[in-house]
1. Around ALA33, which amide H atoms from residues at least 5 apart in sequence, or from another chain, sit under 5 Å from its own amide H, with H modelled in the peptide plane?
2. Please give me the summed charge of the neighbours of TYR55: other residues whose Cβ is under 15 Å from its Cβ, Lys and Arg +1, Asp and Glu -1.
3. Tell me the label-point distance for the pair LEU76, CYS14, using the 7 Å Cα-to-Cβ offset, in nm and rounded to one decimal.
4. If I model a spin label at ARG65 and VAL37 as a point 7 Å from the Cα along the Cα→Cβ vector, what separation in nanometres do I get?
5. Provide VAL15, VAL37 ordered by accessible surface of protein heavy atoms (probe 1.4 Å), highest first.
6. Under 11 Å from a point 7 Å along the Cα-to-Cβ line of LEU54: which residues of the stretch 12-36 have their amide N that close?
Amino acid sequence: MSDVSKSNVGPDGCVLWVVDYRLDERDRQWFRALPPVLGAEAMQSLMLEELDELYGSRAQLLALRPASLEERRAFLRGELSRPASGSRSS
């Protein structure tokens, strides 16, 4: 397994990543569920590439980390923004 702890892998076999970024001077957040084959460094590269493809120089990656158990539960209950929305209320 990568440098992601087994405790971050949910029962679905995925790691739920919290991606904090800034777009046009506004803080945004994504949640991305991916198999645990990517470590934190590879995931950071993937997110930098994705942000660049989507928004170019308008976006900046602020933080990337596996979601806590509480965040994972809230996401699965629909209480946090979905990846397709790309944003959260601040």
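1. Residues meeting the amide H criterion: TRP17.
2. That sum, taken over residues with Cβ under 15 Å, equals -4.
3. It works out to 1.2 nm between the two label points.
4. The two pseudo-label positions are separated by 2.7 nm.
5. VAL37, VAL15
6. Label zone hits: 19-23, 28-32.
The values are calculated or read from the model by the stated rules, or taken from the named source; none is laboratory data. Here the structure is a predicted model, which means the values were calculated and not measured. Ideal geometry is used to build each Cβ from the backbone, glycine not excepted, and the neighbour counts take in all protein chains shown. Please note that ligands, DNA and RNA were not included when accessible areas were found on the heavy atoms of the full protein model with its side chains. Shrake-Rupley method; radii C 1.70, N 1.55, O 1.52, S 1.80 Å.
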